[in-house]
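K.L.:
Can you read through this structure? Questions will come right after.
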Amino acid sequence: DAPLEGLPAADTFKTEPKKTKLRLVSIGQSAGVSTSQFGTFFAGGVSFGFSDVLGEHIVGASIGLNGGIRDLGGSLSYLNRTSRWNWGTYFNRTPLTSGSAAEGFAVRNGQTVFVQQELIFRQTVSEVGAVTAYPLSRVTRAEFSGGFQNIRFEQELREATFDPFTGQQISSDVQHSTVADSLNLFSATGALVRDTSTAGATGPVLGSRGRLEISQTGGDLRFTTVTADYRHYVMPVQPVTFAGRLLHIARYGPGSEDNRLVPMFLGYPTLVRGYEADSISASECSPTIDGSCPEFD
């Protein structure tokens, strides 16, 4: 019974004071380029994570672009984990886009032309706030946050006209306009989070994640947002993982139906990755009498 046999003496180890200097520990995501008759668009982004040697101070930064410069988003956050009560601050700018597409014949300057239109509605959220979290166990924590939001509402009409006989493009135009007064909102949020997932190279591969969140909003509008999100990951055969998700997100209260808040849109990148307003163009629409686009709708 000699537990220290073969080990170096403790006084031979070099010691030095703990340092809180931040170092780059992670880089994520990617970028790409796409083109259409309306121009060239960039999509994607990059994120950076910084931490000290013990992971007590964490800084996150990200920037993303999905379209033109108006779709530039980003975030900056700081998290302090020196005690069991974790706390931090954050700032983010998130442009959310939805829209519609249509095509048909019209008369422009006395000439019959074929018109393709894409109407993009852009809701840009700029937010600053603070958050605190208390771990109840290794996999469960309670979160609380408060913040201020400014939401701007803009509209972008992209139109291209073509000669109906030759198919040659005659013109293309993009018009920007403000469609509603901006909103200034204050919010307070509480959430219960459970995470037993095991991370792989690109995302979770085993386990589950769940989040139940209630957020009360005041200011120019008053409403309550409820989010229930559960995800489960199963790996029947390595390295194949099947993922399932149940999601409920809704706004309740007197301000929840304000026309400055667009209806919940499934195509927001924050809800469904890989499907956005620009995923369908007017050229993919089936011909209809009223000019609507069944594929987009």
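K.L.:
Considering only region 151-171, state which residues are more than 19 Å from Asp258 (Cβ to Cβ) and open to solvent by 70 Å² or more (accessible area, probe 1.4 Å). First the steps, then the outcome.
P.N.:
Filtering region 151-171 for residues more than 19 Å from Asp258 (Cβ to Cβ) gives 156-171.
Residues satisfying the conditions are Phe165, Thr166, Gln168, Gln169, Ile170.
K.L.:
Any residue at all in region 116-137 that's open to solvent by 50 Å² or more (accessible area, probe 1.4 Å) and either acidic (Asp, Glu) or part of a loop (DSSP other than H, G, I, E, B) (or both)?
P.N.:
Scanning region 116-137, I find at least one residue that is open to solvent by 50 Å² or more (accessible area, probe 1.4 Å) and either acidic (Asp, Glu) or part of a loop (DSSP other than H, G, I, E, B) (or both), so the answer is yes.
K.L.:
Return only the number of the condition from (1) closer than 30 Å to Ile151 by Cβ; (2) in contact (Cβ under 8 Å) with a residue 40 or more places away in the chain that Leu246 does not satisfy.
P.N.:
(2)
K.L.:
So, one more: What single numbered condition from (1) closer than 30 Å to Tyr230 by Cβ; (2) at pLDDT below 90 fails to hold for Thr89?
P.N.:
So the condition that Thr89 fails would be (2).
K.L.:
Further question: Just to be sure, is Ala61 hydrophobic (A, V, I, L, M, F, W, C), buried (at least 17 other Cβ atoms within 10 Å of the Cβ) and touching a Leu at 6+ places or on another chain (Cβ under 9 Å)?
P.N.:
On the way: hydrophobic (A, V, I, L, M, F, W, C): yes; buried (at least 17 other Cβ atoms within 10 Å of the Cβ): no; touching a Leu at 6+ places or on another chain (Cβ under 9 Å): yes.
Judged against the criteria, Ala61 is not a match.
K.L.:
Would you confirm, using the coordinates I've provided, whether Ser75 is closer than 15 Å to Phe50 by Cα and either touching a Cys at 6+ places or on another chain (Cβ under 9 Å) or surrounded by fewer than 18 Cβ atoms within 10 Å (Cβ to Cβ) (or both)?
P.N.:
Values: closer than 15 Å to Phe50 by Cα: yes; either touching a Cys at 6+ places or on another chain (Cβ under 9 Å) or surrounded by fewer than 18 Cβ atoms within 10 Å (Cβ to Cβ) (or both): yes.
Spelling it out, Ser75 is indeed closer than 15 Å to Phe50 by Cα and either touching a Cys at 6+ places or on another chain (Cβ under 9 Å) or surrounded by fewer than 18 Cβ atoms within 10 Å (Cβ to Cβ) (or both).
K.L.:
Out of Thr161, Thr140, which single residue is under 21 Å from Cys293 (Cβ atoms), of a type in the set (S, T, N, Q) and touching a residue at least 40 places away in the same chain (Cβ under 8 Å)?
P.N.:
Details: Thr140 fails: under 21 Å from Cys293 (Cβ atoms).
Every option except Thr161 fails the conditions.
K.L.:
Among the residues of region 177-207, write down those that are free of Cβ contacts under 8 Å to residues at least 40 places away in the same chain and in a strand (DSSP E or B).
P.N.:
Those that are free of Cβ contacts under 8 Å to residues at least 40 places away in the same chain and in a strand (DSSP E or B): Ser177, Thr178, Ser182, Asn184, Leu185, Thr198, Ala199, Pro204, Val205, Leu206, Gly207.
K.L.:
Then there's this: For region 198-222, how many residues are open to solvent by less than 30 Å² (accessible area, probe 1.4 Å) and farther than 16 Å from His248 by Cβ?
P.N.:
The total comes to 6.
The values are calculated or read from the model by the stated rules, or taken from the named source; none is laboratory data. Quick caveat, the model's predicted, so the values are computed rather than measured. When we count neighbours, we look across all protein chains shown, and the Cβ atoms used for this are built from the backbone with ideal geometry, even at glycine. Ligands, DNA and RNA are excluded from the accessible area calculation, which covers all protein heavy atoms including side chains. Shrake-Rupley method; radii C 1.70, N 1.55, O 1.52, S 1.80 Å.
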